[in-house]
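One structure below.
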Amino acid sequence: MNPAEPDMENNANAQIAAHSALNDAELINLMFTGADRLPMEFAREVIARGTRMIAPMAEIIAGPKNWERGDAGWCAVLHAVFLTGAIGGKEAVKPLIDAIFPATETTNFWITEALPAIFGRVGLCAVDEIKIV
């Protein structure tokens, strides 16, 4: 390693440790303060915590004001939708369906264009609910 280069492995390990030390609420709060600069380690930590993280992310998705934020929280619904889809399972279906109409109404193309792939990742457990919509 060149001494002038930062130690990337130690930096990544420090970020992983920092995110794993946060409780669920602190991790969710980062979605409102980190905008589009949250590191992959953040996402990995949320996904690793599994289905218990879906309820707080569903609250973000269901909050009408979250879809029109102008502060650093503008990206919270984007994080919530993508992370809910990454966690997957039957518990993820309703929040993802709840994202369809506000994403369309606010012309959030990052979400509307990704939803087919996100539902594809969730799998067959979403089919019946999608048919209703």
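The values are calculated or read from the model by the stated rules, or taken from the named source; none is laboratory data. Everything numeric here is computed off the predicted structure, so don't read it as measured data. Because the Cβ atoms are built from the backbone with ideal geometry, glycine has one as well, and the counts that use them run over all protein chains shown. Protein only, heavy atoms only, side chains kept; ligands, DNA and RNA dropped before computing areas. Shrake-Rupley method; radii C 1.70, N 1.55, O 1.52, S 1.80 Å.
Using a probe radius of 1.4 angstrom, the carbon and sulfur fraction of the accessible surface of the chain is 59%. For the range 19-27, backbone phi angles converted through the Karplus equation (6.51, -1.76, 1.60; θ = phi - 60°) give residue-by-residue couplings of 6, 5, 7, 7, 7, 4, 5, 5, 5 Hz, Gly and Pro being listed as x.
Once the Cβ-Cβ distance of W74 and V127 is raised to the sixth power relative to R0 = 25 Å, the FRET efficiency obtained is 0.20. Of the options F119, G89, G73, report the single residue whose Cα projects farthest towards the positive end of the charge dipole of the range 64-133 (beta-carbon charges: Lys, Arg +1; Asp, Glu -1). The one lying farthest along the dipole's positive direction is G89. Applying the Karplus relation 6.51 cos²θ - 1.76 cosθ + 1.60 with θ = phi - 60° to the range 75-84 yields 3J(HN,Hα) values of 9, 4, 5, 4, 4, 4, 5, 5, 6, 4 Hz, where x marks Gly and Pro. Using Cα pairs closer than 8 Å and at least 6 residues apart in sequence, work out the relative contact order for the chain, in percent. It comes to 21 percent, rounded to a whole number. In this structure the chain gives 58 Å² per residue of accessible area when probed at 1.4 Å with all protein chains present. Note on D24 and E105: with the Förster distance fixed at 25 Å, the Cβ-Cβ geometry gives a FRET efficiency of about 0.30. For the peptides 24-33, 63-72, 83-92, the ranking by packing is 83-92, 24-33, 63-72, with the highest mean count of neighbouring Cβ atoms within 10 Å listed first. Note on A35 and E59: their simple-model spin labels are 2.5 nm apart, each label 7 Å out from Cα toward Cβ.
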